[in-house]
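The values are calculated or read from the model by the stated rules, or taken from the named source; none is laboratory data. Quick caveat, the model's predicted, so the values are computed rather than measured. Methodologically, a virtual Cβ is constructed for each residue, glycine included, from the backbone with ideal geometry; neighbour enumeration extends over all protein chains shown.
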Amino acid sequence: MKSFIRNGVIALLAFYLTIDSGYSQIQWTSEQKAVWKTETAISDAFVKGDQQAANSYYDESYQGWPYRSPIPVPKANMESATAYYATEGGKYLFWDAVPIVIWVKGDFAYTDYYYRSAFKDKDGKVTNEHGRWLDVLMKKDGKWLLVGDHGGAEHDPATK
């Protein structure tokens, strides 16, 4: 049984490394790069704890649907939740995202990406996480804004 689990972990790791290196070779267009630049600006702001900067990339019409929520949540609820989590203390030690798909058509775009992160809470406990998101963006006054998303952390089958 232990060898079965070990082999499964090795296979998943090899699969992830293959995806990571394969998708890093994609040649994105300038439009796709502009969309991904917005995505990284949002995550960089959250990692730095700058909620105001991160929230500036969310359109007023935003509706997000994290896996942990039974229904989509509007921008005001998302801002309240992130403000609450910020008061709890802690910080990201690591955040990395790999774009899988960046689709752009005129003033609309979506991105599918895989992420991994490490977060250290105020008590020093480190939580590693990985998952995927699909983000929908709209260009408004020359700036890409998030209008919707769906995704979140994936849980290990053994912990379900």
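Listing for the model above:
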| quantity | calculated |
| --- | --- |
| Filter result (of a type in the set (Asp, Glu) and at pLDDT 95 or above) within region 80-102 | ASP96 |
| Single condition THR29 does not satisfy, out of (1) over 23 Å from GLU154 (Cα atoms); (2) within 12 Å of the chain's Cα centre (by Cα); (3) polar (S, T, N, Q) | (2) |
| Residue match in region 71-85 (condition: hydrophobic (A, V, I, L, M, F, W, C), touching a residue at least 40 places away in the same chain (Cβ under 8 Å) and touching a Gly at 6+ places or on another chain (Cβ under 9 Å)) | no |
| Some residue of region 103-114 being of a type outside the set (Asp, Glu), closer than 27 Å to GLU31 by Cα, at pLDDT below 95 and surrounded by 14 or more Cβ atoms within 10 Å (Cβ to Cβ) | no |
| Whichever residue in region 101-127 is assigned to a strand (DSSP E or B) and among the basic types (Lys, Arg) and, among such residues, is farthest from PHE46 (Cα to Cα) | LYS105 |
| Pick from region 19-62, criterion of a type in the set (Asp, Glu), surrounded by 13 or more Cβ atoms within 10 Å (Cβ to Cβ) and not in a helix (DSSP H, G or I), ranking: modelled with the highest pLDDT | ASP59 |
| Residue ID - nearest to HIS155 (Cα to Cα), chosen from residues in region 75-102 that are surrounded by fewer than 13 Cβ atoms within 10 Å (Cβ to Cβ) and of a type in the set (A, V, I, L, M) | VAL101 |
